[in-house]
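Trainee: This is the structure, below, for whatever I ask next.
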Amino acid sequence: MADRGVDMSALPKEVKDQLAELDLELSEGKRFSPEIERQREKRLETPPPAYDAQAPGPSNASGSTHANAQTQAPPPSSSSRYREHRSRRPHRSGGTRDDRYRSDIHTEAVQAALAKHKEEKMALPMPTKRRSTYVQSPINNCTPPDSSSGSEDEAPTSLLQPPSLQSPDSWINRSVQGSSTSSSASSTLSHGEGKPQAQSQPPQPQPQPQYHGPPPDVTALAPQARGSTQVDRPNNPPVVRGMSRGQSRSSMMETADGVPVNSRVSTKIQQLLNTLKRPKRPPLSEFFMDDQEEIVEVPQVDPNTPRPEGRQIIPVKGEPLGVVSNWPPALQAALARWGATQGKSPALTALDITGKPLYTLTYGKLWSRSVKLAYTLLNKLGPKNEQILKPGDRVALVYPNSDPGMFWVAFYGCLLAEVIPVPIEVPLSRKDAGSSQVGFLLGSCGVGLALTSEICLKGLPKTPTGEILQFKGWPRLKWVVTDSKYLTKPGKDWQPHIPTANTEPAYIEYKASKEGTVMGVAVAKVAMLTHCQALTQACNYCEGETLVNVLDFKKDMGLWHGVLTSVMNRIHTISVPYAVMKACPLSWVQRVHIHKARVALVKCRDLHWAMMAHRDQRDTSLASLRMLVVADGANPWSVSSCDAFLNMFQSHGLKPEAICPCATSPEAMTVAIRRPGVPGTPLPARAILSMGGLSHGVIRVNTEDKNSALTVQDVGHVMPGALMCIVKPDGPPQLCKTDEIGEIVVNSRAGGNMYYGLPGVTKNTFEVIPVNALGAPIGEIPFVRSGLLGFVGPGSLIFVVGKNEGLLMVSGRRHNADDLVATALAVEPVKTVYRGRITVFSVTVFYDERIVIVAEQRPDASEEDSFQWMSRVLQAIDSIHQVGLYCLALVPANTLPKTPLGGIHISETKQHFLDGNLHPCNILMCPHTCVTNLPKPRQKQPVGVGPASIMVGNLVAGKRIAQAAGRDLGMIEDQDLVRKVGLPQDSHQFLSEALQWRAQTDPDHCLYVLLNAKGVAVCTATCVQLHKRAEKIAAALTEKGSINTGDNVVLLYPPGIDLIASFYGCLYAGCVPVTVRPPHPQNLAATLPTVRMIIDVSKAACILTTQNLMRILRSKEAAATVNIKTWPTIVDTDDLPRRRPPTIYKPPTAEMIAYLDFSVSTTGMLTGVKISHAAVSALCRSIKLQCELYSSRQIAICLDPYCGLGFVLWCLASVYSGHQSILIPPLELESCLPLWLSTLSQYRIRDTFCSYSVMELCTKGIGTQTEILKSRGLNLSCVRSCVVIAEERPRLALTMSFSKLFKDLGLSPRAVSTAFGSRVNLAICLQGTTGPDPSTVYVDMKSLRHDRVRLVERGAPQSLPLMESGKILPGVRVIIVNPETRGPLGDSHLGEIWINSPHSASGYYTIYGEESLQADHFNTKLSFGDPTTLWARTGYLGFVKRTELLDAAGDRHDALFVVGSLDETLELRGLRYHPIDIETSVSRAHRSIAESAVFTWTNLLVVVAELCGSEQDALDLVPLVTNVVLEEHHLIVGVVVIVDPGVIPINSRGEKQRMHLRDSFLADQLDPIYVAYNM
């Protein structure tokens, strides 16, 4: 600073800090030096009070500085975090980038674009992240106090510090000032903007009972882990069923079911909605039509698309290759000549790590060592001098970049021995990026031998025994050390054979494709020689010149100029290794100065580094340089590096005409190079092209919008002796027009001639014959595809605008990855991006390529900075390139896979992204912006007018009405049963009479056996015991409980025989029992409110329970949750006196209510239904017939006994049919997983009933232990039917894996089946013992979304397997109905399942008996067809299919398939989606997703995924979840929420409670690991 004459101490601290930061950036190699110098000037000129915190006005080519879009930013407040300033290190850290730099011109365009966006005031919701160990950014000191009053201003991070005294407003003001970004284009949080208006709560039909405290857990017993049997943990009150179905959920959801709409999550979602409402940049062109079966592309040509208008291009010819008399017949001959005649002449100087010369290899030494190596290779490798290598064999060359001498000797030794060298990078570890692809290269080339130096061999990774590690994917290699001391000197008579150059391969150069495969380009001996001659002629090389080479000498320009052409011309090469450049970036300039070098080979990055280190050296001179070859001069952004370098070094003697950009590719080798100019001649003009034109593949000079212009420099003329033309990059190689961008193809003797060992790929690249517009070949000669995209400009100058492998084709437009990188780099990366490490690639999602940008984040970048940077990159790319980004990810510094020279390995990065192994620390997905090709939303047809039109619309000709029925439940069958079991005829009316009759006729017959966790029978009940216990309870009810007939009594018992006895006690006393799951003693706060709610809603007059539970109900802990003073009478039934009731009640009619069945539906509705005595006996009779139950049978039940079919099987069926029930409480399985299966084996059970939770516990817990169980004698061959009791679509994957896992224990694959029941009818289907096996069909998912059923073959794309839900029970009729028109449907349609059955429930038990509601759900009629029958609406969607199987009566069997609950379906884009289908896709997306659930919120699809892996996988899930839902369901995910395992609530039947989850999410109660708001 002293050289400016500025007193540093007088400067304010902020300015000093900013200057120190700029210095640091300079030392780390972040920015161009001139730009930094300008910033320093700015800092020093600025008057202290108002600091300018912006990036400087970038200079354009002429050097004038443009005023920036925004000049003043508020000063950084004291709370904004400063980076710690490290002392300057002597060694500067390595290369910012391998081959890309930000351009000053471009920075200006980006700033202008961002300024334009700034006016639109974009507010993106920032993702919510739980602070955890793996997040690398420091905690923001600038966190708002969490004001408990619930202000709308949410924290940008999810860690809220303890409330402080400031108001939120003061925090906001501070945070706004604290953002020191220059032209902040988007405020991350819209403070106080866009608050959603709270909608008014809809009027509820009945007042909810008053209870206080936290919202109740609906049915849970325990807060167990996910695997447990019943884990209801919804933390929200269930809604009491008592509203019409149409109004029930939709009206309540608007206010998120009582969640304050201004909670943090909903504010963010509102921001997201506001963002999504803004018009998308590209008009939404409907690319695709969804015709239910197939998505077809609709070609829509935009009339404004620019089209090429020029004439067809004429191939461009290079000047003829001159014939020089003394050119050698082969390259080895040139080496032999110089070795003999100019032995003292220096060939190569190698530098040490400090940049000082280490050794010089003369031509004499090079020749003699190469001959020794050739002799050794051919004669001395095998035992007893057997020849291992034959001429033409391939040999790998493994030498580090710091040892060019050994490499030269090895390369020329191989040429002299006539073996083919394959230079590769030194493998550093078994997990090197791309190492298996290098293995593929070695395999395809048939390499078995590797040459290396002693030092390099010592450094290779070894196994514990000291052998070289077998690298992943590599063939077995024999390693040979080529140091001189290990080589044998040949005898006087041995001379290497040097034939004239022919078409056999001389060497193989590796090349990585866009997909990451590494292929070997074989270069023939004659091509190698011709290429050297062409380079000599083009570059005007002279004998004895000095050349400085900074490039990799193993391949490409470094090899062609620095190893081959230099030897041909006896040039002295000074090789500057990459490591020296990292330590001393100016070293190559110093070498040019010291050695008066005539030629230097560099890349843009070397120019860049030299400029930054330039102030260290004042006296360097570049006047000797006649040619500065810029190897990546074809890169569109090289122009600014060349200009800046020239500006700085022209004063040091650098001549403008010496800068020679060139274009090369491994296949075509040197394509074009700018010839060194004559001093004083004007430099070639630049092309300023329109980006829009480029994206359509045409050349248009940019005139109007300078923000979207691309400046390119030429790469000179075609090589001598070559012919070049431009062809279309895809499809047949048709010649382009003169104003069209295409792929450069070259015909020349000096190019590669094949991919070694890959003849198929070779043909498409090396044997291309261009065709004209009519498709006719233009000649016989084959051209080679160079992989470069460009055009021929005026004066036959070649311009390159990109590479084929960096080409991103999005919606029919081409974008170049390098251009996008440059734009992203121009958006102030200094705060966020680590060393400019950014990569761009595309992934194919939903019929199009999507652009992904991945960058490494600086360790000290804050969340806020990163998010700010990401949102601004979005805007810049949108403005400049007119393309939307799909995903922007920031990963921790130094974690992206690297290429050998330290650049980013793009294909490996892409693979990590697709596999979910990228582990980003920040991610922003923008599917809403860039996915513009979704099919048109379906328009719903208006509901028809009259029956006729509906008939025509719904019943396609030839389709049968979708209906089915179980067999008859007639009296005749019952007569047989009466004779068989001696049941009194009228007993089917009342279950209480059946029990009394059994107690008289067969008193000692055991009805129930209850097992504990050890499998021991802890309690049994014979007919007479059960009858007597019921009598005691009935007596107690009338005495203690003072109960009147018809009162409701709550039964609060753990699963067991007490529950059964008290149920019959209630029937004996004439009361109505209501079974309720008891609260969990360890989790009263969550489970007790549900108990309270059911007691209140059912208006229970009394509670029957055990002493233990009675104590809990009256405990202090209970008092903390509910009001314990208002419990109804509590009667404990543990020690009742032996009393008999005066009379046993007999209901006057069978239509009286027998019991109430309360259950929580998957949508969170608490619903009580009334079950009459007639329904009970009809249901029991139906089950008895279907399962052939009678007194001598035993069944095992592992179910919850509180509602639905579980309660019927546990409490009612045995008393009716007389069979013995072995009861296994599902909770016992947690302490002894094999309990249920061992019971089946021990008692030789034929029929068993379980829930999905039980099946899942067994599958996950003991599925892998079948061998152990088998050795213990467990045998399941006795099981004839194992029925899963559920109210949902059969879980086919679970039942199939259960069958497969336990097949080894003898379980028949036909045994497992499912049942189906609903609230209106507890049992509709149940797979019985007779009749056909359940059938499985595959339906097309796309048709299903349109409510159509189209059967497809197994394995068809988009096919969904569905299993029949068991056979329809006797007496049940099923019909499929359109839920809107209420008309019957054909069997190719999906509709609501309606049933007619004697055992349907009588109606909902609500506080006010809502007549209309009951009529709607329980007694409703079809709008046409059969208007007399009364049907009950199940609320489930399904379809009926007639199968080829025959039922017992010999008729074809009609199967009922349940698809999902109507309440749960998601209506999106006019289509009907079932959550389970989306969840299945999501769970398959990544190995770390344990479980998932989806719901919608204001038309946004929200996906919640439970993460079972480490937290660093959390952000990997976001793109994968978004991809899979888009691919398979054509839906854009709005919000992805990653949570801990076990957060998704499930009910006792193992069904997900999605609505509770939704409410918890909106109330911000989930404590998510990460919430991503997709833009």
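Trainee: Considering only the range 1372-1396, state which residues are part of a loop (DSSP other than H, G, I, E, B) and either open to solvent by 20 Å² or more (accessible area, probe 1.4 Å) or more than 16 Å from VAL1208 (Cβ to Cβ) (or both).
Mentor: ASN1378, PRO1379, GLU1380, THR1381, ARG1382, GLY1383, LEU1385, ASP1387, SER1388, LEU1390
Trainee: Within the range 385-401, how many residues turn out to be in a loop (DSSP other than H, G, I, E, B) and surrounded by fewer than 19 Cβ atoms within 10 Å (Cβ to Cβ)?
Mentor: 7
Trainee: Which pairs do you get when a residue that is touching a residue at least 60 places away in the same chain (Cβ under 8 Å), found in the range 1487-1507, comes within reach of a residue that is among the polar types (S, T, N, Q) and open to solvent by less than 10 Å² (accessible area, probe 1.4 Å), reach meaning Cβ atoms under 9 angstrom, with the pair 6+ apart or on two chains?
Mentor: ALA1493/GLN1553; TRP1497/SER266; LEU1500/ASN1574; VAL1504/SER1492; GLU1506/SER1492; LEU1507/SER1488
Trainee: Looking only at strands (runs of 3 or more DSSP E) that fall completely inside the range 1193-1264, which ones have 2 or more residues that are open to solvent by less than 10 Å² (accessible area, probe 1.4 Å), under 23 Å from CYS1180 (Cβ atoms) and among the aliphatic types (A, V, I, L, M)?
Mentor: Hits in the range 1193-1264: 1194-1198, 1220-1223.
Trainee: Considering only residues that are over 22 Å from GLY1168 (Cβ atoms) and not in a helix (DSSP H, G or I), look in the range 1023-1065 and name the one that is least open to solvent (accessible area, probe 1.4 Å).
Mentor: The qualifying residue least open to solvent (accessible area, probe 1.4 Å) is GLY1056.
Residue-wise test of (1) within 42 Å of the chain's Cα centre (by Cα); (2) under 14 Å from THR482 (Cα atoms); (3) surrounded by 21 or more Cβ atoms within 10 Å (Cβ to Cβ).
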| site | (1), (2), (3) |
| --- | --- |
| THR362 | no, no, no |
| VAL419 | no, no, yes |
| ILE424 | yes, no, yes |
| LEU428 | yes, no, no |
| VAL438 | yes, no, yes |
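Conditions tested, residue by residue: (1) of a type outside the set (A, V, I, L, M, F, W, C); (2) free of Cβ contacts under 8 Å to residues at least 40 places away in the same chain; (3) farther than 30 Å from ALA750 by Cα.
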site: SER638; (1), (2), (3): yes, no, no
site: ALA644; (1), (2), (3): no, no, yes
site: MET648; (1), (2), (3): no, no, yes
site: HIS652; (1), (2), (3): yes, yes, yes
site: CYS660; (1), (2), (3): no, no, no
site: THR664; (1), (2), (3): yes, no, no
site: GLU667; (1), (2), (3): yes, no, no
site: THR670; (1), (2), (3): yes, no, no
site: ILE673; (1), (2), (3): no, no, no
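Trainee: Here is a follow-up. Mind listing just one residue for me: the one in the range 892-913 that is within 19 Å of LEU1517 (Cβ to Cβ) and among the β-branched types (Val, Ile, Thr) and, of those, least open to solvent (accessible area, probe 1.4 Å)?
Mentor: My answer is THR909.
Trainee: Please name all residue pairs, on different chains or six or more residues apart, with Cβ atoms under 9 Å, provided the first residue is in the range 691-703 and is closer than 16 Å to ASP818 by Cβ and the second residue is open to solvent by less than 30 Å² (accessible area, probe 1.4 Å) and assigned to a loop (DSSP other than H, G, I, E, B).
Mentor: Qualifying pairs under 9 Å: MET691/ASN702; LEU694/ILE741; SER695/VAL883.
Trainee: Moving to a separate point now. Would you mind stating whether LYS1099 is assigned to a loop (DSSP other than H, G, I, E, B) and among the basic types (Lys, Arg)?
Mentor: Yes.
Trainee: If you don't mind, there's one more thing I want to ask. For the range 519-539, check the following and say yes or no: at least one residue is open to solvent by 30 Å² or more (accessible area, probe 1.4 Å), at pLDDT 90 or above and in a loop (DSSP other than H, G, I, E, B).
Mentor: There is no residue in the range 519-539 that is open to solvent by 30 Å² or more (accessible area, probe 1.4 Å), at pLDDT 90 or above and in a loop (DSSP other than H, G, I, E, B).
Trainee: Within the range 724-772, can you find the residues that are more than 23 Å from ALA687 (Cα to Cα) and over 43 Å from the mean Cα position of the chain (by Cα)?
Mentor: Listed by number, the residues that qualify are ASN747, SER748, ARG749, ALA750, ASN772.
Residues are listed down the side, and each one gets a yes or a no for (1) modelled with pLDDT under 90; (2) within 27 Å of MET581 (Cα to Cα):
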{"residue": "ARG369", "(1), (2)": "no, no"}
{"residue": "LYS372", "(1), (2)": "no, no"}
{"residue": "PRO404", "(1), (2)": "no, yes"}
{"residue": "PHE407", "(1), (2)": "no, yes"}
{"residue": "ILE424", "(1), (2)": "no, yes"}
{"residue": "SER435", "(1), (2)": "yes, yes"}
{"residue": "ILE455", "(1), (2)": "no, yes"}
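Trainee: Mind checking whether some residue in the range 1423-1432 is over 39 Å from the mean Cα position of the chain (by Cα), crowded, with 16+ Cβ neighbours inside 10 Å, at pLDDT 85 or above and of a type in the set (Val, Ile, Thr)?
Mentor: There is no residue in the range 1423-1432 that is over 39 Å from the mean Cα position of the chain (by Cα), crowded, with 16+ Cβ neighbours inside 10 Å, at pLDDT 85 or above and of a type in the set (Val, Ile, Thr).
Trainee: Does the range 1071-1086 contain at least one residue that is open to solvent by less than 20 Å² (accessible area, probe 1.4 Å), at negative phi, in a helix (DSSP H, G or I) and of a type in the set (Gly, Ala, Ser)?
Mentor: Yes: one or more hits.
Trainee: Restricting attention to the range 671-678, does a residue exist that is modelled with pLDDT under 85 and in contact with a helix residue (DSSP H, G or I) (Cβ under 9 Å, 6 or more places away or on another chain)?
Mentor: For the range 671-678, residues modelled with pLDDT under 85 and in contact with a helix residue (DSSP H, G or I) (Cβ under 9 Å, 6 or more places away or on another chain): present.
Trainee: For the list (1) open to solvent by less than 40 Å² (accessible area, probe 1.4 Å); (2) under 20 Å from GLY1550 (Cα atoms), I need the number of the one condition that ILE1476 fails.
Mentor: Single failed check for ILE1476: (1).
Trainee: A follow-up question, please. Only one of (1) of a type outside the set (D, E, K, R); (2) under 25 Å from VAL521 (Cβ atoms); (3) open to solvent by less than 10 Å² (accessible area, probe 1.4 Å); (4) not in a helix (DSSP H, G or I) fails for LEU321. Which number is that?
Mentor: (3)
Trainee: Considering only the range 431-517, give the strands (runs of 3 or more DSSP E) lying wholly within it that have at least 1 residues that are closer than 24 Å to LEU331 by Cβ, β-branched (Val, Ile, Thr) and touching a Ser or Thr at 6+ places or on another chain (Cβ under 9 Å).
Mentor: Here the list reads 449-452, 478-481.
Trainee: Okay, moving on. Quick check, is ILE1532 in contact (Cβ under 8 Å) with a residue 60 or more places away in the chain and more than 30 Å from ILE1368 (Cβ to Cβ)?
Mentor: So ILE1532 passes the test.
Trainee: Just for strands (runs of 3 or more DSSP E) wholly inside the range 1431-1529: which have at least 2 residues that are among the charged types (D, E, K, R)?
Mentor: Qualifying strands (runs of 3 or more DSSP E): 1432-1446, 1452-1461.
Yes/no per residue for (1) touching a residue at least 40 places away in the same chain (Cβ under 8 Å); (2) farther than 27 Å from ASN1083 by Cα; (3) open to solvent by less than 20 Å² (accessible area, probe 1.4 Å); (4) over 53 Å from the mean Cα position of the chain (by Cα):
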site	(1), (2), (3), (4)
ALA1119	no, no, no, no
ILE1124	no, no, no, no
TRP1127	no, no, no, no
VAL1131	yes, no, yes, yes
ARG1138	yes, yes, no, yes
GLU1151	yes, yes, no, yes
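Trainee: Quick one: would you say SER1483 is hydroxyl-bearing (Ser, Thr, Tyr), open to solvent by 30 Å² or more (accessible area, probe 1.4 Å) and free of Cβ contacts under 8 Å to residues at least 24 places away in the same chain?
Mentor: Spelling it out, SER1483 is indeed hydroxyl-bearing (Ser, Thr, Tyr), open to solvent by 30 Å² or more (accessible area, probe 1.4 Å) and free of Cβ contacts under 8 Å to residues at least 24 places away in the same chain.
Trainee: Related question: Among the residues in the range 613-623, are any open to solvent by 20 Å² or more (accessible area, probe 1.4 Å), of a type in the set (Gly, Ala, Ser) and part of a helix (DSSP H, G or I)?
Mentor: The answer is no; no qualifying residue exists.
Trainee: State whether the residues of the range 1294-1305 include one that is part of a helix (DSSP H, G or I), open to solvent by 10 Å² or more (accessible area, probe 1.4 Å) and either touching a residue at least 60 places away in the same chain (Cβ under 8 Å) or within 19 Å of GLY1206 (Cβ to Cβ) (or both).
Mentor: Yes, because at least one residue in the range 1294-1305 is part of a helix (DSSP H, G or I), open to solvent by 10 Å² or more (accessible area, probe 1.4 Å) and either touching a residue at least 60 places away in the same chain (Cβ under 8 Å) or within 19 Å of GLY1206 (Cβ to Cβ) (or both).
The values are calculated or read from the model by the stated rules, or taken from the named source; none is laboratory data. Small disclaimer: the values here were computed from a predicted structure and weren't measured. When we count neighbours, we look across all protein chains shown, and the Cβ atoms used for this are built from the backbone with ideal geometry, even at glycine. The accessibility values were calculated without ligands, DNA or RNA, using every heavy atom of the protein model including side chains. Shrake-Rupley method; radii C 1.70, N 1.55, O 1.52, S 1.80 Å.
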